[in-house]
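Peer 1: Please find one structure pasted underneath; my questions will follow.
The values are calculated or read from the model by the stated rules, or taken from the named source; none is laboratory data. What you see is a predicted model; the values in this text were computed from it and never measured. We place every Cβ from the backbone using ideal geometry, glycine too, and count neighbours over all the protein chains shown. With ligands, DNA and RNA removed, areas are computed over all heavy atoms of the protein, side chains included. Shrake-Rupley method; radii C 1.70, N 1.55, O 1.52, S 1.80 Å.
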Amino acid sequence: YYKLVDALNHCQHPKISLGKISPEIVGGATPTRGDDELYTDSGIKFLRIMNITPNGIDLNDVNYIRDSVHNGELKRSQLAANDVLMTITGRVGTAAVVPQDILPANINQHIVRLRIQYPDCLPEYLAIYLNSSVGTALSNRGVTGGTRIALDYEVVRKLQIPVPEKETQQRIIAEAERRRVEAHRLHSEAGQAWEAAKANFEKSLLERRD
């Protein structure tokens, strides 16, 4: 951790606190009334920790809340395109950018919404940095709690983000995306190879031998 801090202190790029990049850090909430009144099978997506991954927003297991909750009790934590979401309990420090096509959406209390106001920081770059080994180490250094670790808002505000020129940020974003696509391809090929191997094994096992 101290080596990371030393490297960050000697970084050539300007370092901006997360609180200056996103002056308003907003957390979600869990609605207080009964499930039947608040939740529904479709409508406003209600994101939880499991939906926030380093590869983006995962909607495989997403909950939904009613429009009245989204525009009422949880109005303050409504999401917009290019917001950066960051988990602050459990799996602390995981970040993802909100795409336009998942809206409207909202978040629970285990996630904070970072809405970038600092024009020199791109949302995709911020998410990549927070998901990096450096960003994760700095986030997890500030956690508190025993059975349920958590990161408080003041620690989030003080996190230092090195902000290179936008051309460098764009190169980092492009390289991260290239690696993500390649990892997905390899994972898919590995899955196909495994299925083929299983089928071959089952065929060999069940073959009649005269």
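Peer 1: Does the stretch 82-109 hold any residues that are of a type outside the set (A, V, I, L, M, F, W, C), more than 18 Å from G135 (Cβ to Cβ) and touching a Gly at 6+ places or on another chain (Cβ under 9 Å), and which are they?
Peer 2: If the condition is that a residue be of a type outside the set (A, V, I, L, M, F, W, C), more than 18 Å from G135 (Cβ to Cβ) and touching a Gly at 6+ places or on another chain (Cβ under 9 Å), then P99, P104, N106, N108, Q109 are the ones that fit.
Peer 1: For the subset of the stretch 120-143 comprising residues that are assigned to a loop (DSSP other than H, G, I, E, B) and more than 18 Å from N82 (Cα to Cα), which member is least open to solvent (accessible area, probe 1.4 Å)?
Peer 2: If we take residues in the stretch 120-143 being assigned to a loop (DSSP other than H, G, I, E, B) and more than 18 Å from N82 (Cα to Cα), then G142 is least open to solvent (accessible area, probe 1.4 Å).
Peer 1: Do you know which residues across the stretch 46-101 are surrounded by fewer than 14 Cβ atoms within 10 Å (Cβ to Cβ), touching a helix residue (DSSP H, G or I) at 6+ places or on another chain (Cβ under 8 Å), touching a residue at least 24 places away in the same chain (Cβ under 8 Å) and of a type in the set (A, V, I, L, M)?
Peer 2: L59
Peer 1: For the stretch 58-96, name all the residues that are part of a strand (DSSP E or B), at pLDDT below 95 and aliphatic (A, V, I, L, M).
Peer 2: Matches in the stretch 58-96: I65 only.
Peer 1: Keeping to the stretch 87-142, report how many residues are farther than 21 Å from L47 by Cα and either of a type in the set (F, W, Y) or in contact with an Asp or Glu (Cβ under 6 Å, 6 or more places away or on another chain) (or both).
Peer 2: 3
Peer 1: List every residue pair whose Cβ atoms lie under 7 Å apart, where the two residues are 6 or more positions apart in sequence or sit on different chains, the first residue falls within the stretch 8-19 and is modelled with pLDDT of 90 or more, and the second residue, located anywhere, is in a loop (DSSP other than H, G, I, E, B) and not hydrophobic (A, V, I, L, M, F, W, C).
Peer 2: Close Cβ pairs (under 7 Å, with a partner that is in a loop (DSSP other than H, G, I, E, B) and not hydrophobic (A, V, I, L, M, F, W, C)) amount to H13/P164; I16/Y118.
Peer 1: Please verify whether Q117 is open to solvent by 60 Å² or more (accessible area, probe 1.4 Å) and either under 20 Å from the mean Cα position of the chain (by Cα) or acidic (D, E) (or both), treating the condition exactly as stated.
Peer 2: Yes, satisfied.
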